[in-house]
Amino acid sequence: MEIDNAKEKDLQKKLRRESLKRNWKLFSQSKLGMIGLGIVSLFLILALLQPFLFLTGIWSESIYHPVVGYDQIIEEKLVVECPKEYPTPKYETSFDCPAEGEVQKKMLYLAQGVEVGDMYDVYLQPAPPSSKHILGTDSLGRDVFSQIMEGSQVAFVLGLLSATLGVGISTILGTIAAFFGGRIDAYLMRQSDLVLMLPTLPLLFIISAFAELKIWHLAVVLGVLGGLGGSVITIKSQALQVKVKPFVDSARITGGSQRKIMFSHVLPNVAPLALLFMVFSVTGAIASESVLSFLGLLNIDMSWGLMIYLSQTDGFIFSGLEYWWLILPAGLSVTFLAGGFYLVGRGLDDVFNPRLRKR
Amino acid sequence: MSKDILVVDNLNMHYETLEGKVMAVNNVTFSVKEGESFGLVGESGCGKSSVASTLLQLQSDNAVISSGSIKLDEKELVGMTESELRKVRWNDISIVFQGAMNAWNPVIKIGEQIREAIREHYPSNSKKENTEKISELFKIVGLEDSIMDRYPHELSGGMKQRAVIALALSCDPKIVIADEPTTALDVVIQDQILKEIKKVQELLGLSLIYISHDIAVIAEMTDNMAVMYAGSIVEKGPTASIFSNPRHAYTRLLLESTPSVVGEKKKLRALDGEPPSLINGLDACAFSPRCPDPSDDCKNGNLEMKLIEIEDGHWADQCCVNCG
Amino acid sequence: MDNVIEVNNLVKNFDVSKGFFSRNKTIVKAVDGISFSIPKGESLGLVGQSGCGKTTTARALCLLDPKTSGDVKFYNPEADEMQNLDNLNDDQVKQFRRNTQMIFQDPYESLNPRWTIKDIILEPLNIHNIGSLENRTEAVVEILKTVGLTPPENYLPRYPHELSGGQRQRVSIARSLIMNPKFVICDEPTSMLDVSIRISIMDLMLDLAKDLQVSYLYITHDLAVARYMCNRIAVMFNGKIVEIAKTEDLLSNPIHPYTKRLISSIPVPDPKYTREKYEINFDELDEIISNNTDNLPMVDVGNEHFVATHDVKDLLI
C-alpha cells in the first residue's frame, strides 16, 4: 500500500501539471484572452510595485505618498506685467503673455515686495511630467503615478471582493432554486427580477446619501446587488441541466442526501460558469466605483475616480490637454483595467466550454 | 460485366490539428460497380465516415487530401473546384448522413426542402414537374404524398428517415452513400427501412455504399465489403467470402465478438485495449498491439501495411494474414 | 422461492395535461401494470424498443421516481426476508440503497466530471459509513483490480474525461458493485460502447454476477445482447410485458406476435442465412397496439413461459 500511495501522489502531481499546461495552452490560443491577461498583469504589477518601492526605500513616502505626499517643485520665473494692447514688440498676442519662464505680477497677490523684473520662485502645482515624477503631480503636489498605483490597488480589492461575494451568493441561490424548485424557486426568481429592474447607479446614490460609503461598504453593496440579480437565473438554468445528468441519479441511487448532492455534485459543475461571471462582474465593479468617486459620493482616500473628481473640482477638467496628466491616466486606467478583465473572461470562455463538451 | 461507377485509388486524407496531423484515411483503395452494394465496416474512429465525407468533398476546413484519386464514372473528383463539385454532388453522388433525420430545417416543409435540392440541379423544371417527381420518390420509399406539406416535427423517426432517402435520390444520382442511416431507429423500423433501400436499389439500378459498425446489417445488405481499422482497409472482398473465410485478425475478432439471436450460443471473443491514436500516422501494422497472437514480424513492425490477394477478389493486409 | 425482487402490477403514469385549468387530464401510461420476479443469482433481460417503458420501470424500481401503484418486494439480506417498497423509513431506504444499484447507459455522463475516480468509487462507502477510512481505500484498490483497471494507482487520481468509454463503464461497474448489492439494474450499459469492447464489459459483468451472487435486471433493445447476458427474457411493448420466458425458449419458440415480429426484424451476421419468416397475425398486433388492453392475463404455456393474451388457442396455432 505504501508503494501505491507514493506512486499515486506522483501521478497526481504529474496530472495536475499536465492539466494546467493544457488549460494554459487553450487559454493562450485566445488572442483576446492573452491581451486581457497582459493588461491585468500590468496593473497588478503596478498595484504591487508601490508598497515595494516604499518598503525598499526607493521612494520616500514623504514625497511619493499618493495621499499625503508632497513635493515642492519650484521654478524660478521672471515677474512681468502683461500689456493691455497687442501686438507689442515682445508679445504677438495675448496668449503669448506670460511666456515660458514668466509669471504675471497680479497672480502673485500673496507675495509681498515683488516687482516687475524680479526673479520669483513659483510653486509649480500641478507640475507636468518630469524625470522625478513620471506622470507629474496634482494640484496638491502629490505624485500622479503613485496615485495611479494606489488606484490600481483599490480597483483590484474592490473588484475581486465584490465579484467573489456576488458570485458566491448567486451560485448558492441558483443551485438552491434549481434543486428545490416549487415555491423557493418562484420566490428567488421574482427576487432576481426585482433586482434586475433596479438601476444600480441611482440605487448607489441613494445608499450613499444615507450611509457613509467606504470602499469595503461599496464592495459589499455591489457584491450583494450583483449576487441577487440576473446571474441567479443563468446559474439556475445551468444547475438544472446538471441536475438531470445520470451521475446525479447515480448519486441518489447510492444514497446521497439532497444537501450532499447539491453541494458536492451539482455545485462544482456550475462553478466554471460562475467563475466566468465573476470575471465579468469585476468590470462593472471598477466602473461603478469610478462613477461614484467622480460624483464625490465615496468616502475614500484615493482612487482613479477620485483623481478625476479632484481635477474637476479644481477646475482643470476643462483645460483641454494643458493639464492632461490629471485626467488621462486615471480615465484610461479605468477603461483599460475594466476592459482587460472582460477580455480575460472571453479567453476563459474558450477554456471552459470545450471542457464541457469534451468526449 | 458491369462497369465501375466509383474507383477510389490510394486515397490519403488527414486533418490538420493543433496536436499534429490526424491521418484519418490511409491508402484506401476500392471500387464499386454499377448496381452493386458495397459495405464499409469498422468501429468509431476507424475512418469510415471520413471516407464518406471525402468522397463528396464535404469535409471540415482542416481536412487535406494529400494524395490519391476518386473517379466517379471516370470523372476525377480530387482537384475539382467547388463549383464543379456542386454539379457533381447530389446529381451523381449523394449521401444519407448519420442522424440525417435531424438535419431537416424545422421551419420549412419537407416537400419544399426537397424541391430546393432539385431546383439546384434542374433549375428549368416547373414546380409541377418537381412535385410529381417528389411524389414518385415518396412512392418508392413508402411515404404518402401528404407528407410533402408537413413539417419535420410532425413526422416520426422512421418517416423522417425515409424522407431523407427520398432527398438523397431526388436528383437521380448514380451512387448513394448511406452512413449509418438506421442507428437511432428501432429494430423493427430499421428492418423496414433496409428493405426499402434494397427495393429502391433494385428498381433504379443504383449503386450503394453502406457504412456501418453493425456487421449483421452489412452481411444482409451488401455484395462486397471492406473492413477498416485505424484509417486503413485491413480486409476487403465479396461479403460471403469474408464471412466464411475471414483472414485478418481484426475481421475475425469483429465477427467473433458479435452476439447473435440465432445459432448456437457460443462464447464470444473480447478485444482488449483501445484503437490507436491517428496523430502523425502509424508505421507498420496498426492492429498488432491488440492482435491476440502476433508474429515476430508484426511485433517488430517489420511489415508495412499492404493488401495481398488471398483468393479471387478477396484481399487482406499482409501482416495479419499469416498469424492469429 | 428465493427471489431477489418481486414486481406485481407495477404502474407508472405521467400527467402531461397542460395548464392549471385543463379539464381533460392527459395521462401517459408509461408502465401499465407489469409483473415479474427474479430468483437469486439469475438475470432477467427486459427487451423493448425505445418508448416502451423499460427505463421508466428501472427508475421506479430504484426509487428515483415514485411509482403510481403496484406491489414491489425486494430481498433484504439483513433481515433475511422480503420487504415491501412502500412506506419505508429513512433507515430502510438506506438499507435498500445498499442492496440495489444501477449501471447507466452513457459512460460520458454517468460519472461526475469534477471528481476523481478514487472519489467516485469511494462515495458509496462514505455515504454508508462502511469500514474505516483505510479499509475503504483498500476496497477501492481491490475493486479496480477486479474490474480490470490495473495498475490501480494509475487510475485513482484521474478524472473521467481522461479515460475511454470502456474504462469509464468499468468505473461505473466498480462503483455499483463495491457495496456488494444483490440486485443491479443495468440500463443498456454497452450500447454506447464500441462493438469490440462490448464483449469484454459483458463478460466482466457475467463473471462478477457469478462471483458476487448478483442478480441483474438487464435492460436493452438488442435481443442478441439479452441472450448473451440473461437466463430469462421479458419482452416489453407499449408499457406492458407481452411475453416472458427462458432465453432459448423465447428465441426458438416465440408465441406473441410482437415477439415474433421483433425476432424476425433482427439482422443476422451471416450473409447466407435467411431469416425465419414467422406467420405474424398483423391484425392481432394492430389490435393490441390500438386497444386499451388493461390487465391482460399472462397465460402459462408451460416451461415457465408466459404470454399476455386473451385467447391462448389462437396464438398457439
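All of the numbers you see were taken from the coordinates with simple rules; none came from a lab. Only a predicted model underlies this, so the values are computations on that prediction, with no experimental measurement involved. Cβ coordinates were reconstructed from backbone atoms using ideal geometry, including for glycine residues, and neighbour counts include every protein chain displayed.
Miscellaneous remarks
- Among the GluC sites (Glu not before Pro) in segment C:23-114, those placed in a DSSP loop whose Cβ has at most 14 other Cβ atoms within 10 Å are C:E78.
- For B:I5, the residues 5 or more places off, or on other chains, whose built amide H falls under 5 Å of its own are B:V32, B:K33, B:E34.
- Kirkwood Rh and Cα Rg combined as Rg/Rh, segment A:31-179: 1.25
- Out-of-range pairs (alpha-carbon distance over 22 Å; input B:K33/B:K133; B:K139/B:K195; A:K21/A:K245): B:K33/B:K133; A:K21/A:K245
- Equivalent ellipsoid, segment A:239-359 (semi-axes from 5 times Cα gyration tensor eigenvalues, Å): 47, 16, 7
- Distance from segment A:34-63 to segment A:107-173 (C-alpha centre basis), Å: 15
- Taking Lys and Arg as +1 and Asp and Glu as -1, the other residues whose beta-carbon sits under 13 Å from that of A:H265 total +2.
- From largest to smallest, the equivalent ellipsoid semi-axes obtained for the protein assembly as shown from the alpha-carbon gyration tensor read 69, 38, 30 Å.
- Couplings 3J(HN,Hα) for segment C:64-80, derived from phi with the Karplus relation 6.51 cos²θ - 1.76 cosθ + 1.60 (θ = phi - 60°), are 6, 10, x, 7, 7, 6, x, 10, 10, 10, 10, 7, 9, x, 4, 8, 6 Hz, where x marks Gly and Pro.
- Extension gain for the segment C:S191 to C:S264, taken as residue separation times 0.36 nm less the Cα-Cα distance, is 24.2 nm to one decimal.
- Between the helical axis of C:165-177 and the longest alpha-carbon principal axis of chain C there is an angle of about 80 degrees.
- Positive-end residue, chain A charge dipole about Cα centroid, Cβ charges, pick of A:V351, A:H265, A:L326: A:H265
- Two-decimal log10 I(q)/I(0) for chain A, as the Debye equation yields it once each C-alpha is a single scatterer, q = 0.07, 0.09, 0.12 Å⁻¹: -0.47, -0.69, -1.01
- Other-chain or far-sequence residues with amide H under 5 Å of A:K77's (modelled H): A:Y120, A:D121, A:V122
- Set the Cα radius of gyration of segment A:113-260 against 2.2 N^0.38 Å, with N its number of residues, and you get 1.78.
- Alpha-carbon Debye profile of segment A:205-247, log10 I(q)/I(0) at 0.15, 0.26, 0.27 Å⁻¹: -0.54, -0.87, -0.90
- Rounded if a/c under 1.5, otherwise prolate or oblate - segment C:56-106, Cα gyration tensor axes: oblate
- Applying a DSSP loop filter and a limit of 10 other Cβ atoms within 10 Å to the chymotrypsin sites (Phe, Trp or Tyr not before Pro) in segment C:1-108 leaves C:F20, C:F21.
- For B:I177, distant residues with modelled amide H under 5 Å away: B:S94, B:I95, B:V96, B:I209
- Overall Cα dimensions of segment B:1-54 - principal axes, largest extent first, Å: 47, 20, 15
- Centroid-to-centroid separation of segment C:203-246 and segment C:52-122 [C-alpha atoms, Å]: 18
- Solvent-free Debye calculation, one equal scatterer per alpha-carbon of segment A:66-123: log10 I(q)/I(0) at 0.16, 0.22 Å⁻¹ equals -0.57, -0.87.
- Based on the convex hull around the alpha carbon atoms, segment B:1-126 presents an average projected area of 10.2 nm².
- Residue range of chain A that is longest and free of GluC sites (Glu not before Pro) which are both DSSP loop and sparsely packed (at most 10 other C-beta within 10 Å): A:213-321
- Beta bridges per DSSP, both residues in the protein assembly as shown: antiparallel share near 65 percent.
- Where GluC sites (Glu not before Pro) in DSSP loops with at most 16 other Cβ within 10 Å are excluded, longest remaining stretch of chain B: B:145-263
- Kirkwood hydrodynamic radius of chain C, Cα pairs, Å: 21.1
- Each Lys or Arg adds one and each Asp or Glu subtracts one; over the other residues with Cβ under 9 Å from the Cβ of C:I219, this totals -1.
- Evaluating 6.51 cos²θ - 1.76 cosθ + 1.60 at θ = phi - 60° for every residue in segment A:124-132, the Karplus couplings come out as 8, 9, x, 9, x, x, 9, 5, 7 Hz, glycine and proline recorded as x.
- Net charge of Cβ neighbours under 12 Å - reference B:M101; Lys, Arg +1; Asp, Glu -1: +1
- Shown here are the Rg and Dmax of the Cα trace of chain B, at 20.5, 68 Å.
- In order along segment A:218-233, the phi-based Karplus estimate (6.51 cos²θ - 1.76 cosθ + 1.60, θ = phi - 60°) of 3J(HN,Hα) comes to 4, 4, 5, 4, 4, x, 5, 4, x, x, 8, x, x, 5, 4, 5 Hz; Gly and Pro are listed as x.
- Projected label distance in nm at A:E115 and C:E78, using a 7 Å step from Cα toward the beta-carbon: 11.0
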